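Novice: Quick one: the structure is below, and I'll ask about it shortly.
The values are calculated or read from the model by the stated rules, or taken from the named source; none is laboratory data. All figures in this text were calculated on a predicted structure; none of them were measured in a lab. Here Cβ is always computed from backbone atoms with ideal geometry, including for glycine, and neighbour counts include all displayed protein chains.
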Amino acid sequence: MSQLLYKSTRNDKNLVTASQAILQGLAEDGGLYVPVKQPAITLDFDVLQHATYQEVAYEILAAYYTDFTEEELKACITNAYNEKFETPLIAPLKTVGSDSYLELFHGPTIAFKDLALSILPHLMTTAAKKNAVENELVILTATSGDTGKAAMEGFADVPRTKIIVFYPKDGVSKIQERQMRTQRGDNTYVVAVEGNFDDAQSKVKELFNDQQLRKELLSQNKQFSSANSINIGRLIPQVVYYVYTYAQLVKQDEIKNGESINVTVPTGNFGNILAAHYAKAIGVPINKLICASNTNNVLTDFFATGTYDRNRPFFVTSSPSMDILISSNLERLLFEIGGDNVQTIQQLMAALSDQGKYDILPEMREKLGEFYADFASFEQTNDTIAQEFDRHGYVLDPHTAVAKAVSDRYKEETGDQTKMVIVSTASPYKFPQVVAHALDDTATAESEFDWITLVFEQTNLSVPKAVSDLYRLPIRHEREVAIQSMRDCVKEILVID
Ligand SMILES: *Cc1c(COP(=O)(O)O)cnc(C)c1O
């Protein structure tokens, strides 16, 4: 079988294998790695409907990560998708009314990032071995709340790795903060940053490209890598659940094999919905990809106008994992619709960093027809949580509620009756205060733990172990820094002077 190589969106001479792309995370030229073409793979859903999640994962990963052996990939998959998940289905599909929810919150941190981040450390350490990398890997990550915890769970005590997570001090939920600050593992470091997610993410990108810092690390036999959703080692494992879901829909007789579906994705960094786009490209019959945002609706405007403009107020919303104004993974889509032209990407990204905005060419816009985008306000999100519970007894977390609200608006506007899959990205217990208020606006509680109890009383939904454990664990991390001190903080943690 021929090798599938990866190239940078900002320099097409920069060609690497899958394992090299996974090790590097972000390309040295600042670009993102993309496969030079989508792999040719035959998806036979008559067969796949009987496959386990792990079996589907193998088919997809083998098609994209061609320099890994079968044995290596199967070991990664077995280490990732096991009893850490509360259901052997890993990503179960629940049909509620006429919609099907793809539940991606049954992993150790009860949010969808577990699906990719439980496998990434194994892919990365395997990739290091394959490339004879002796250096210790230092994972540097900015998080809007969920990535950081899920990455630390994945990397905790993995030999020859360290992980440093930066989160916006006032931009994550109490539960998310507690999850991070109680993180186990001798190689995990958590830092609260005085700034928002975009500030933290931009700084992390800058540190990656800081040649002086790289040199200093190297002199200590260390090198950076990234667990952010820009790493191709996260993107491809996310393609798996779209394939698996389609197979489950066929199996459950919700659709006929070959019938199209639509998918609504609550979107922040554009990783999850891009994975759906890849799934479509390799043959999953997806018609519309519906991009749902909260009031940080920069993507809604982008799809409506072709102008991406981050010069706007930043809102801290009830769906904080989507509080993002720079959706990094969009660069991969721009590269594709721009005909793999690195100059175009260089220009657009330079404009984004200089003026905070860019316009795409009309011929690029024409290629966005499979996308529909809209956003939901705070009130709409709450109403949706209340309504879905009243009608069907199904409890939505605020991110999933944003998706449901946008999905309903899409159907109303277009009359499209195509089977809808709504991607459910977090457990309601990750955001209990929002959920409790949405269900009863007079609700009050003393502590985060009381909010959890309240949601249980309101809904009778069982509390996941990840949440019940949280209040027994000691706080282990207390670091706080300003944005401009992040570099020094990294050096202090790694003991570089
Ligand atoms: C990260 C996250 C999102 C956004 O996903 P992207 O891949 O960044 O678009 C949505 N919901 C939840 C709960 C998340 O943690």
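Novice: Name every residue in segment 248-277 that is within 16 Å of the ligand (Cβ to nearest atom) and surrounded by fewer than 17 Cβ atoms within 10 Å (Cβ to Cβ), in order of residue number. Walk me through it before giving the result.
Specialist: Keep residues of segment 248-277 that are within 16 Å of the ligand (Cβ to nearest atom), which gives 263-277.
Within segment 248-277, none qualify.
Novice: Just to be sure, is N287 of a type in the set (S, T, N, Q), in contact with a Phe, Trp or Tyr (Cβ under 6 Å, 6 or more places away or on another chain), in contact (Cβ under 8 Å) with a residue 12 or more places away in the chain and under 30 Å from Q38 (Cα atoms)?
Specialist: Spelling it out, it is not the case that N287 is of a type in the set (S, T, N, Q), in contact with a Phe, Trp or Tyr (Cβ under 6 Å, 6 or more places away or on another chain), in contact (Cβ under 8 Å) with a residue 12 or more places away in the chain and under 30 Å from Q38 (Cα atoms).
Novice: One residue is enough: does segment 96-110 have a residue meeting the conditions within 20 Å of V463 (Cβ to Cβ), modelled with pLDDT under 95 and among the aliphatic types (A, V, I, L, M)?
Specialist: Yes; the residues of segment 96-110 include at least one that is within 20 Å of V463 (Cβ to Cβ), modelled with pLDDT under 95 and among the aliphatic types (A, V, I, L, M).
Novice: Tell me the residue from F105, F85 that is touching a residue at least 40 places away in the same chain (Cβ under 8 Å) and either more than 16 Å from the ligand (Cβ to nearest atom) or of a type in the set (A, V, I, L, M, F, W, C) (or both), please.
Specialist: Going through F105, F85 in turn, just one is touching a residue at least 40 places away in the same chain (Cβ under 8 Å) and either more than 16 Å from the ligand (Cβ to nearest atom) or of a type in the set (A, V, I, L, M, F, W, C) (or both): F105.
Novice: Still on this structure, I have one more. Check whether at least one residue in segment 62-70 is exposed (fewer than 14 other Cβ atoms within 10 Å of the Cβ), aliphatic (A, V, I, L, M) and without any contact (Cβ under 8 Å) to a residue 12 or more places away in the chain, and report yes or no.
Specialist: no
Novice: For G369, only one of the following conditions fails: (1) within 12 Å of the ligand (Cβ to nearest atom); (2) free of Cβ contacts under 8 Å to residues at least 60 places away in the same chain; (3) out of contact with any strand residue (DSSP E or B) (no Cβ under 8 Å at 6 or more places or on another chain). What is its number?
Specialist: For G369, the exception is condition (1).
Novice: Looking only at segment 468-478, filter to residues that are under 25 Å from the mean Cα position of the chain (by Cα) and either of a type in the set (S, T, Y) or over 21 Å from P432 (Cα atoms) (or both); which one of those is surrounded by the most Cβ atoms within 10 Å (Cβ to Cβ)?
Specialist: Going residue by residue through segment 468-478, those that are under 25 Å from the mean Cα position of the chain (by Cα) are 468-470, 477.
Of the ones still in play, those that are also either of a type in the set (S, T, Y) or over 21 Å from P432 (Cα atoms) (or both) are 468, 477.
Values: S468: 13, H477: 17.
For segment 468-478, the residue satisfying everything is H477.
Novice: Take the conditions closer than 30 Å to E259 by Cβ, among the small types (G, A, S) and under 25 Å from the mean Cα position of the chain (by Cα) and apply them to S424. Does it pass?
Specialist: For S424, the condition - closer than 30 Å to E259 by Cβ, among the small types (G, A, S) and under 25 Å from the mean Cα position of the chain (by Cα) - is met.
Novice: Quick one: which helices (runs of 4 or more DSSP H) lie wholly within segment 385-497 and hold at least 3 residues that are touching a residue at least 40 places away in the same chain (Cβ under 8 Å) and within 16 Å of the ligand (Cβ to nearest atom)?
Specialist: 398-414, 432-439
Novice: I'd like the full set of residues that are outside any loop (DSSP other than H, G, I, E, B) and closer than 23 Å to L494 by Cα, limited to segment 224-241.
Specialist: Taking segment 224-241 as the starting set, the residues that turn out to be outside any loop (DSSP other than H, G, I, E, B) are 224-225, 232-241.
Listed by number, the residues that qualify are F224, S225.
Novice: Right, next: Of (1) in a loop (DSSP other than H, G, I, E, B); (2) under 21 Å from F112 (Cα atoms); (3) of a type outside the set (A, V, I, L, M), Y244 satisfies all except one. Which?
Specialist: Y244 satisfies all of (1) in a loop (DSSP other than H, G, I, E, B); (2) under 21 Å from F112 (Cα atoms); (3) of a type outside the set (A, V, I, L, M) except (1).
Novice: Given the criterion assigned to a helix (DSSP H, G or I), farther than 30 Å from S144 by Cβ and not hydroxyl-bearing (S, T, Y), identify the matching residue among A62, A51.
Specialist: Result of the check over A62, A51: A62.
Novice: Among the residues of segment 120-135, is there at least one that is of a type in the set (D, E) and either at pLDDT 95 or above or within 16 Å of the ligand (Cβ to nearest atom) (or both)?
Specialist: no
Novice: Within segment 278-292, track down each residue that is more than 13 Å from the ligand (Cβ to nearest atom) and assigned to a strand (DSSP E or B).
Specialist: As a first pass, look at segment 278-292 and keep what is more than 13 Å from the ligand (Cβ to nearest atom): 279-288.
Across segment 278-292, the qualifying residues are I286, N287, K288.
Novice: What is the residue count in segment 302-338 for residues that are away from the ligand (no atom under 14 Å from the Cβ) and hydroxyl-bearing (S, T, Y)?
Specialist: Count: 3.
Novice: I've got another one for you. If I filter segment 444-455 down to residues being farther than 22 Å from R181 by Cα and surrounded by 16 or more Cβ atoms within 10 Å (Cβ to Cβ), which single residue comes out as modelled with the lowest pLDDT?
Specialist: Selected residue: A445.
Novice: Name the residues in segment 210-247 that are farther than 18 Å from G283 by Cβ, away from the ligand (no atom under 13 Å from the Cβ) and under 22 Å from the mean Cα position of the chain (by Cα), would you?
Specialist: Passing the criteria: F224, S225, S226, I232, G233.
Novice: With (1) modelled with pLDDT of 95 or more; (2) surrounded by fewer than 19 Cβ atoms within 10 Å (Cβ to Cβ); (3) more than 16 Å from the ligand (Cβ to nearest atom) as the list, and S353 as the residue in question, which single condition is left unmet?
Specialist: Checking S353 against (1) modelled with pLDDT of 95 or more; (2) surrounded by fewer than 19 Cβ atoms within 10 Å (Cβ to Cβ); (3) more than 16 Å from the ligand (Cβ to nearest atom), the one that fails is (1).
Novice: Another question about this same structure. Based on what the data block shows, is D301 charged (D, E, K, R), out of contact with any helix residue (DSSP H, G or I) (no Cβ under 6 Å at 6 or more places or on another chain), modelled with pLDDT of 95 or more and in a loop (DSSP other than H, G, I, E, B)? Reasoning before the result, please.
Specialist: On the way: charged (D, E, K, R): yes; out of contact with any helix residue (DSSP H, G or I) (no Cβ under 6 Å at 6 or more places or on another chain): yes; modelled with pLDDT of 95 or more: yes; in a loop (DSSP other than H, G, I, E, B): no.
Against the criterion (charged (D, E, K, R), out of contact with any helix residue (DSSP H, G or I) (no Cβ under 6 Å at 6 or more places or on another chain), modelled with pLDDT of 95 or more and in a loop (DSSP other than H, G, I, E, B)), D301 does not qualify.
Novice: Please work out if I261 is under 30 Å from E412 (Cα atoms), in contact with a Cys (Cβ under 6 Å, 6 or more places away or on another chain) and at pLDDT 95 or above.
Specialist: Judged against the criteria, I261 is not a match.
Novice: Just name the residue that is farthest from A200 (Cα to Cα) out of those in segment 326-339 that are more than 15 Å from the chain's Cα centre (by Cα) and in a loop (DSSP other than H, G, I, E, B).
Specialist: The residue in question is G339.
Novice: Only one of Q20, Q3 is farther than 30 Å from Q176 by Cβ and surrounded by 17 or more Cβ atoms within 10 Å (Cβ to Cβ); which? Can you show your working first?
Specialist: Numbers: Q3 fails: surrounded by 17 or more Cβ atoms within 10 Å (Cβ to Cβ).
Checking each option against the conditions leaves just Q20.
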